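The values are calculated or read from the model by the stated rules, or taken from the named source; none is laboratory data. All figures in this text were calculated on a predicted structure; none of them were measured in a lab. Cβ placement follows ideal geometry from the backbone for every residue including glycine, while neighbour counts extend to all protein chains displayed. The accessibility values were calculated without ligands, DNA or RNA, using every heavy atom of the protein model including side chains. Shrake-Rupley method; radii C 1.70, N 1.55, O 1.52, S 1.80 Å.
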Amino acid sequence: MSNDQPTTPSGAPEEPHPYFSRPPRHPGPPPHPQPQDAGVPQPGPQVPQYPDQGGYGTGPVPGHPGPDTGGYAAPAAPQNPAAGAAMQDGSEDRTAAGLPRRAGRRSLIGAFGAPSAAAQTPQPQAPQAPAAGDSAGAGPGAGAAAVTPDGSGAEPSMTTRVSIKIPGSRPIPPVVLRGQARLARDEESDEQGSPDGAGGGSQAWDDFDEHGFASEPPYGGGPGEPPGPAARREPDDSQPPRPSGKRRRRLAIIASAAVFALVGGIYGGSLAYAGGGVPRGTSVLGVDIGGRSKSEAVRTLETVLAERAYKDFKVKLGDKELILDPPNAGLILDARATVDRAAEKSLNPLDSIPAMFGEKREVEPRTIEDPAKLAAALEQLAADAGEHQREGGVSFAGGTATAITPQAVQVLDTQAAVAVVRDAFLDPNRSGPVVLPTKLSTPRVSQEEVDRAMREFAIPAMSGPVTLKAGKASLKMTPATLAKYLTMEPDANGRLQPKIDTAGLQKELGDTFSAVGEKPVDATFKVDAGKVSVVPHKPGQGVSGDTAAKALLDVLPKTSGRTVQVTLGPVEPEFTTAKAEALGITEVMSTYTTEYPYAAYRLTNIHRAADLIDGGVVMPGETWSLNKTVGERTAENGFAKGTIINNGRFETDYGGGVSQVATTMFNAVFFGGLKDVMHKPHSFWIERYPAGREATVAWPSLDLKWQNDSGKPVYIDTSYTDSSITVTLLGTKKYDEIKSASSAKYATIAPKKVNDTREGCVPQEASEGFKIDVTRIFVDNGKEVRREQFHTKYDPADEIICAPAAPPAPGGASAPPSGSAPTGSASGAPSPRASSTRDGEE
């Protein structure tokens, strides 16, 4: 028999079996073995048979003896009954033919065609329905006993063509097979079919339905009927094949990798888009600095925001507009720190990816802020504006008792004002002056209490002198002398109580009773070979401030019998050895000396201010004030009249020369590395002072303040000669070294020449106006740790020539002296300035 003959009935289209055209749509669970029928004899090993399927007939499974195979040597079936039983009950993994029991999408299943009616011809024969007794198959000789329907006994020849389709691969040519491989569930169907073992029961067709076949027999007839060609079921291609589990997993992995690659590409692109300097889309106060290098961004901010950062800052207190200088008030734009902050790149994709699609990033500017310095500047503005609390009390100025009427007023709320100014600084939406917050100040002392204090104590106290006696010595103290140490202050209940400055009175009495007792000596420090040591104090004997104050308080309310006896006793100095040692002074922080030309008033005022400052101790965190330490410059306080600066002109008043002390103190603080809180240079430059590194003071508006931020106490030591003054700060250095660097003078302005004929004219040398920048460099452990810049602007000092007044002209008119009018001015008087306050005390 030829192997290439068709296996399908004549006239039927040749097409692949449904088992090979597509995988089963709904693969069922593996079949369960069914028990053998106990009533049916099982002779010998059973040859597995497939039921009649789609016109292909039944036949022995390849590997078992059967019809003539045309030279094909089939392997022998297993002869062990136990093995055969194992095959039948489905307990083994493979069939007797060696093929897989379950039909998978890559399983190879052979299906046989029906033989033709002519048994002796080589055409395929249609199979006969098996007898009821033969449904279970026969032994090895069953194939030889098979006969054709006409009884001729000729062996039917059966062949089949197998078309195999594997998803995802190229088509495989058809294969011609002999024999049959049965599925495990087919065997189960045979066993669960009709009682005669024909295998044509409904359960078998239900199994076929799970593989995509119709529920009814495919040939249109019942069991045992010959199949018809037209009854074959066409494969259902209406639904696409469902991908396998492995393929689905592979597709899921590919899809996930694609998503990750896309997201990673977008994320990497966003980081690359940000750039190497400041990320694109970054702005500060509306100034775009994105995509620039750090140095370019710093220059851009300093250029664009310069006017906003360094321009005069207008504030309003009450109904008065005032000007605040931001840099000198402790408000400075730190452009470098701002750019460093803006250049920080975020690795968070929620930040970097939106920026790539145009989202803007606003960075808050970094500033250098000094709240203490800002508060001092605001309080100074309030003092200049005359906004201060008026508490009820009593004044003894000039030796006369004067009542101070209490008054509730709106005063500056310093802490709230500091917050308001800090928020408004660099605000792009700021327009007009910033209104400073105020608070209502309610006096603690009532008018009734003021009247009582005046009546019961103040007026009698100033009614006449008081005489103090100690031993054989006596001291008469006038009301003017008493007034220097006498005050009245409210207690917790608002009642005015008299108070005497015992320290000041001690000094006053010590000088007077020196012959009676021995004056105590304060502890001091000495410097030897760079090392600081304590010089112990020396107790005195005499009238102490405490005992004298007690005697005075007993006699002052009286208007007669105003002589009191004071007993001498041991007197301790104010600054004792124990106090000096407790400070922990270890080294010289800085020392500075300035020189000055001789003038009698300078000697008096400079020496007096130095004595008041000498021996002062500034504890950590405290702020030192020159005006608070020295006090008002008056004759009663030991000062003389001298040259001061008012409206850019030299004039004569008390306190001239004290600015020499202020400049010396400022430079000691500068090189000591301590914090500058408040200082103001002279309005024009005086040549004996270092340009841009000097300070002036004036009572009460201009002050010199510094804060001890070293963490250790600072002791102030002053010394002087007739031509110099030295200020030395003792304590513990915070920095190894402080350096000073000054720029060249720039923006110079030439002075004018003025002939002044006014009475009281003070000659003045000319000096040009200019600007200069001084930088303080802090060095620690051999490295520069920070810098602080001081910007100073000096006005030109006009040359003032005091010319005698011209005689009256005929007719009573006064003719101006020749050449008296200055250049650019219509009169001999200088042009008025906006401010009428004193510029300093020379």
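Here is a yes/no grid of residues against (1) of a type in the set (A, V, I, L, M); (2) outside any helix (DSSP H, G or I); (3) within 21 Å of residue 682 (Cα to Cα); (4) in contact with a strand residue (DSSP E or B) (Cβ under 8 Å, 6 or more places away or on another chain):
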| site | (1), (2), (3), (4) |
| --- | --- |
| 585 | yes, yes, no, yes |
| 597 | no, yes, yes, no |
| 608 | no, no, no, no |
| 624 | no, yes, yes, yes |
| 635 | yes, yes, no, yes |
| 645 | yes, yes, yes, yes |
| 651 | no, yes, yes, yes |
| 656 | no, yes, yes, yes |
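Yes/no per residue for (1) without any contact (Cβ under 8 Å) to a residue 12 or more places away in the chain; (2) within 54 Å of the chain's Cα centre (by Cα); (3) part of a helix (DSSP H, G or I):
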residue	(1), (2), (3)
443	no, yes, no
449	no, no, yes
454	no, no, yes
460	no, no, yes
463	no, no, no
475	no, no, no
487	no, yes, no
499	no, yes, no
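Candidates 324, 305: the one that is surrounded by 14 or more Cβ atoms within 10 Å (Cβ to Cβ), under 30 Å from residue 680 (Cα atoms) and modelled with pLDDT of 85 or more is 324. Apart from one condition, residue 469 fits all of (1) closer than 30 Å to residue 566 by Cα; (2) open to solvent by less than 60 Å² (accessible area, probe 1.4 Å); the exception is (2).
Tell me, yes or no, whether the stretch 756-763 has at least one residue that is among the acidic types (Asp, Glu), open to solvent by less than 50 Å² (accessible area, probe 1.4 Å), over 46 Å from the mean Cα position of the chain (by Cα) and over 24 Å from residue 692 (Cα atoms). There is at least one residue in the stretch 756-763 that is among the acidic types (Asp, Glu), open to solvent by less than 50 Å² (accessible area, probe 1.4 Å), over 46 Å from the mean Cα position of the chain (by Cα) and over 24 Å from residue 692 (Cα atoms). Could you look through the stretch 728-774, keep only residues that are of a type in the set (Ser, Thr, Tyr) and assigned to a strand (DSSP E or B), and pick out the one that is farthest from residue 794 (Cα to Cα)? If we take residues in the stretch 728-774 being of a type in the set (Ser, Thr, Tyr) and assigned to a strand (DSSP E or B), then 728 is farthest from residue 794 (Cα to Cα). Tallying residues that are open to solvent by 60 Å² or more (accessible area, probe 1.4 Å) and in contact with a helix residue (DSSP H, G or I) (Cβ under 7 Å, 6 or more places away or on another chain) within the stretch 722-755 yields 1.
Filtering 687, 694, 595 for residues that are among the charged types (D, E, K, R), open to solvent by less than 10 Å² (accessible area, probe 1.4 Å) and under 30 Å from residue 756 (Cα atoms) leaves a single hit, 694.
Only one of the listed residues (466, 418) is aliphatic (A, V, I, L, M) and more than 30 Å from residue 367 (Cβ to Cβ). That residue is 466. Is it true that residue 551 is touching a residue at least 40 places away in the same chain (Cβ under 8 Å), among the hydrophobic types (A, V, I, L, M, F, W, C), more than 27 Å from residue 608 (Cβ to Cβ) and open to solvent by less than 20 Å² (accessible area, probe 1.4 Å)? Here the answer is yes, as residue 551 does meet what is asked.
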